[in-house]
Amino acid sequence: MGHHTITEITEEKYHFNGRSKMIAIVLLVLGLVLAGIGAMQVQNHWNDAQTEEVATEHAEGAHHNETPAEHHGEAAGEHEAGTHDEHGANWMSRVWANLLMNSYYFLLFAVGALFFLAVNYVANAGWATLLKRIAEAMTSYIAVGFVILFAVIVLAKDQFYHWVTYFDQGLAPGDAGYDGILESKSWLLNSTSLYFLIPFIVIVWYGIRMKLRQNSIKEDQEGGLGYFRNSIRWSAGFIFFFAFSFSALSWLVIMSIDAHWYSTMFSVYNFAVTFVTSLSVMMMILLYLKNKGYMEMVSDEVVHDLGKFMFAFCVFWGYIFLGQWLLIWYANLPEETVYFAARLEGIYRPMFFVNIFMCFLLPFLVLMMRNAKRNPLVLLVAGLLILVGHWVDVYLMVMPGVVGDHASIGLLEIGTTLAFAGLFIYIVLNSLSKANLYAKNHPYILESANHDVGP
Amino acid sequence: MIDKKVQIGDKKFTLGVFNDEGKLLNAVRSLRKKEVNIFDCYTPFPVHHLDKEMGIKRTNLTVIAFICGALGTTTGFSLAYYMNVLDWPMIIGGKPMDVTVFTSFIPIMFELTVLFTAFGMVIAFFTRSSMIHGFKQDILDLRQTDDLMLLAIEVNEDQPISDDEIKSIINNEGALEIRERGQALEVTY
């Protein structure tokens, strides 16, 4: 009952010992093995399915001989609607699509953590200062995550982006197959953006991340307000740059898979995914550390506030999702509905609803109660719901455009995700063990230690 | 519904007047150590930890908020469903006239959830804290609405220590003045 004011910060270091290291490495290796087996399964299955499909098509063609015009009309309609994106899909498409979605998804955690750091600096917020080192450790994944993402994009760009193959043809107006929609977007969708804009964006992010980290470490050693003030300036610059650059990145990497589609909401939608998932990952790491006996200073009040943040951004995601869906559904314009049409049929239909339930409705109800946000077990469940839900979310962004009807969830998907999780855990925990768990000379550290959210 | 415990009525009070929230907190803490029953504290701004130190239980207002919100959601759905599907089916934008137009109900459901919760909370809060219209609200000391903090202790037989002891504890914790309720104010504004 009685409240004791904390006046001193204990020094604490996380030891990334053998067992945790083992778990991360085992996850990575197991994931790789599973993904390998899964890929082979996909290859075999794909070849079987291909021959079967040809056979049925022949049979149907013979059967429907009397209505060839109708059949032709349907095919043309489909072509115009833009569902031809996956026509060139082969079994490798599914492998590449998995790599793309997972490298993008895990990169989002790191980027979201960097945004969290910057926002706390700019807003002069003190409550989360004890969690600062966790966020910093998470941002260390940006470098590795980006190298993988960029390699995947460069190696398999014609698998993902049909505009790449389209622009290679260099068609003029009036030519057969000339595509006005794609031509109108050529100012962004071109190889300069792909090879230079994407690396430029992420290198600037990583540079600012390095600067913030350096300031934070030096502040630990030397103290003083100078590093804090400097970090605020860099953070403000980062947020300004982030608003534009993150939009551009999400358009280039994910939205241009469905290059014919128009949505001004998409980058905001991706931002919502980024922030809520990185908050959940932060919560997971915090719960893990507290379970291991570290971070005793982080009171229930701080955990409660982080839980509130998770809850708030679940609602934000739901709002942005509805904002995108409601307008497209109401207006019913073909160039916009094509995206949801592809996601409301076949294997994607159940996943579409699973996504809404796991990312919004269930966490909304689970995290609403006050006691839920103070109970580690409930927070763990809610965090897992959000993370798996948004995995499905990113799956739905990538798969329909790249793999089409041939997608399913098998060993390949599970294995790739596990491998990325192992890699992420290894890099983040390794970076966490490099510095003190508390930024002990941060001016707001005591505010965070004595934080109180009231009744 | 109205909480009788927070009504001032004709009760007799010992009042400690403070100008520092730290001193107030300490006074509350030492009084609670002697298990003195504190009637209420009046502060011009929220003081952290004060409610915990006074031993106030958590409010149930959030439950009322949830119930009001759920009521609003169901009202919104029933309203939209009754009007657009049952009573006067209308085709808007070529959309079907059954429950699959659920998407277009969501804004109504959301708005009514917010409206019901907001109104419900305002009414519940004012009722619970006896600030509802028609109640005369006694103010123990006018300065509690300005810059001073008030610690009110009811004078009755249930207190474990005598009134004088209570007064001396408040005095030791640095109160500006100690008064009985109804005593004339000696303030020059």
Point to revise | Tail beyond 24 Å, pair distance distribution of the range A:325-445 (Cα, percent) | key: 50 percent
Review point. For chain B, what does -39500 (n - 2.57) per DSSP helix run (n ≥ 4), summed and divided by total residues, give at 222 nm, in deg cm²/dmol to the nearest 500?
Key: -13000 deg cm²/dmol
Check your understanding: Can you give the calculated 222 nm mean residue ellipticity of chain A, where each DSSP H run of n ≥ 4 adds -39,500 (n - 2.57) and the sum is split over every residue, rounded to the nearest 500 deg cm²/dmol?
Key -> -24000 deg cm²/dmol
**Study point:** Gained length - A:MET265 relative to A:ILE414, 0.36 nm times residue gap less alpha-carbon distance
**Key:** 50.7 nm
**Study point:** Footprinting exposure proxy for A:VAL202, A:VAL147 (fewest neighbouring C-beta atoms within 10 Å first)
**Key:** A:VAL147, A:VAL202
Study note, to complete from the structure: Helix A:266-291: inclination vs chain A longest Cα principal axis, degrees, rounded to 10, gives 40 degrees
Review point. Which value, in debye to the nearest 20, describes the size of the charge dipole of the range B:47-170 about its Cα centre when Lys and Arg Cβ atoms bear +1, Asp and Glu Cβ atoms bear -1, and nothing else is charged?
Key: 760 debye
Point to revise | Violating pairs (Cα-Cα greater than 20 angstrom) within the set A:LYS440/B:LYS52; B:LYS57/B:LYS167; A:LYS132/A:LYS218 | key: A:LYS440/B:LYS52; B:LYS57/B:LYS167
Revision key, fill the gap. Scoring chain B by relative contact order with C-alpha pairs under 8 Å, at least six apart, yields a percentage of 49 percent
Check your understanding: Which of rounded, prolate, oblate describes the protein assembly as shown, given a ≥ b ≥ c as roots of the alpha-carbon gyration tensor eigenvalues and a/c under 1.5 marking rounded, otherwise prolate only if a/b is larger than b/c?
Key -> prolate
Check your understanding: From the residues A:LEU385, B:VAL63, A:TYR348, which one has its Cα farthest along the dipole of the protein assembly as shown in the positive direction, the dipole being from +1 and -1 charges on Cβ of Lys/Arg and Asp/Glu about the Cα centre?
Key -> B:VAL63
Check your understanding: Can you give me the relative contact order of chain A as a percent, contacts being Cα pairs under 8 Å and 6 or more apart?
Key -> 37 percent
Revision key, fill the gap. Ranked on Cβ counts within 10 Å of their own Cβ, fewest leading, B:SER130, A:SER235, B:SER162 go B:SER162, B:SER130, A:SER235
Point to revise | Spatial separation of Cα centroids for the range A:386-425 and the range A:305-341, in angstrom | key: 20 Å
Point to revise | Separation in nanometres of the label points that stand 7 Å from Cα toward Cβ, at A:TYR178 and A:VAL26 | key: 6.2 nm
Point to revise | Helix B:163-172 vs. chain B, principal-axis angle (Cα, 0 to 90°, nearest 10) | key: 90 degrees
Study note, to complete from the structure: Note: B:VAL155 to B:LEU61 extended length (0.36 nm per residue) minus current alpha-carbon separation gives 30.9 nm
Check your understanding: Hey, how many Å between the Cα centroid of the range A:241-258 and the Cα centroid of the range A:158-189?
Key -> 19 Å
Review point. Which whole-number percent is the relative contact order of the range B:61-128 (Cα, under 8 Å, 6+ apart)?
Key: 53 percent
**Study point:** Rg/Rg_globular for the range B:61-128, with Rg_globular taken as 2.2 N^0.38 Å and Rg from C-alpha atoms
**Key:** 1.33
Point to revise | Relative exposure of A:MET399, B:MET121, judged by other C-beta atoms within 10 Å (fewest first) | key: B:MET121, A:MET399
Review point. Any idea what the dipole of the protein assembly as shown comes to, in debye rounded to 20, about its Cα centre with Lys/Arg Cβ at +1 and Asp/Glu Cβ at -1?
Key: 2340 debye
Study note, to complete from the structure: Longest principal axis of chain A (C-alpha) makes with the long axis of helix A:141-155 (C-alpha) an angle, in degrees to the nearest 10, of 10 degrees
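Quick note: the coordinates plus some simple rules give every number you see, no bench work behind them. Model, not experiment: these values are computed from the prediction. In this analysis, Cβ positions are derived from the backbone assuming ideal geometry, glycine residues included, and neighbour counts consider all displayed protein chains.
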